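Asks: My questions will all concern the structure given below.
The values are calculated or read from the model by the stated rules, or taken from the named source; none is laboratory data. Note that the coordinates shown come from a computational prediction; the quantities given were computed from them, not determined experimentally. Note that we place each Cβ from the backbone using ideal geometry, even for glycine, and neighbour counts take in every protein chain shown.
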Amino acid sequence: MKSRRIVRWVVSALGVVVAVLLIRQFGGSETVEHDGLTFAAPELAEALELGAESNDLRVLAKFANTDGAPCRAFLAADISGIACKERGGWHMRVIRGGVSLDDPAGVAATEAALRRRAAEIAAQ
């Protein structure tokens, strides 16, 4: 009787793990993994390519790293960070949590941190 409960618990736990993994893989993630590196997913990559701003995305800085690759520092509701176009896509060099663009204090703090890091990447 006890072993059946354990088996049911293990099967249920595995189901939850599989569901979480599927959601992370296919469920609207802003990033994708490739060869152990993190890249912007297609929708975010397109916005970074265009340097487009929208209600959900604000480009803070456009710059080149020392190798000449174009980079973008950006704020968005789901993810904020710095990505450089290298290694076949928009490689996420810095990843931070998203920030509501309606939150002035959150935007200011995240923007200051990303601008500092962008200056470091441009100078490296």
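Asks: Might you let me know whether segment 62-69 holds any residue that is under 13 Å from Glu30 (Cα atoms) and either touching a Pro at 6+ places or on another chain (Cβ under 6 Å) or surrounded by 13 or more Cβ atoms within 10 Å (Cβ to Cβ) (or both)?
Replies: In the first step, residues of segment 62-69 are kept if they are under 13 Å from Glu30 (Cα atoms); the result is none.
Looking for residues that are under 13 Å from Glu30 (Cα atoms) and either touching a Pro at 6+ places or on another chain (Cβ under 6 Å) or surrounded by 13 or more Cβ atoms within 10 Å (Cβ to Cβ) (or both), one finds none in segment 62-69, hence no.
Asks: I'd like to verify a number: residues in segment 60-87 that are in contact (Cβ under 8 Å) with a residue 40 or more places away in the chain, part of a loop (DSSP other than H, G, I, E, B) and within 19 Å of Glu46 (Cβ to Cβ), how many?
Replies: So the answer is 2.
Asks: Still on this structure, I have one more. Of everything in segment 71-87 that's out of contact with any helix residue (DSSP H, G or I) (no Cβ under 7 Å at 6 or more places or on another chain) and under 15 Å from Gln124 (Cβ atoms), which residue is surrounded by the fewest Cβ atoms within 10 Å (Cβ to Cβ)?
Replies: Glu86
Asks: When the residues of segment 73-124 are narrowed to those that are among the hydroxyl-bearing types (Ser, Thr, Tyr) and touching a strand residue (DSSP E or B) at 6+ places or on another chain (Cβ under 9 Å), which ends up farthest from Arg58 (Cα to Cα)?
Replies: Per the criteria, the residue is Thr110.
Asks: Sort out which residues of segment 88-110 are crowded, with 17+ Cβ neighbours inside 10 Å, modelled with pLDDT of 95 or more and assigned to a helix (DSSP H, G or I), and write them in order of number.
Replies: Across segment 88-110, the qualifying residue is only Thr110.
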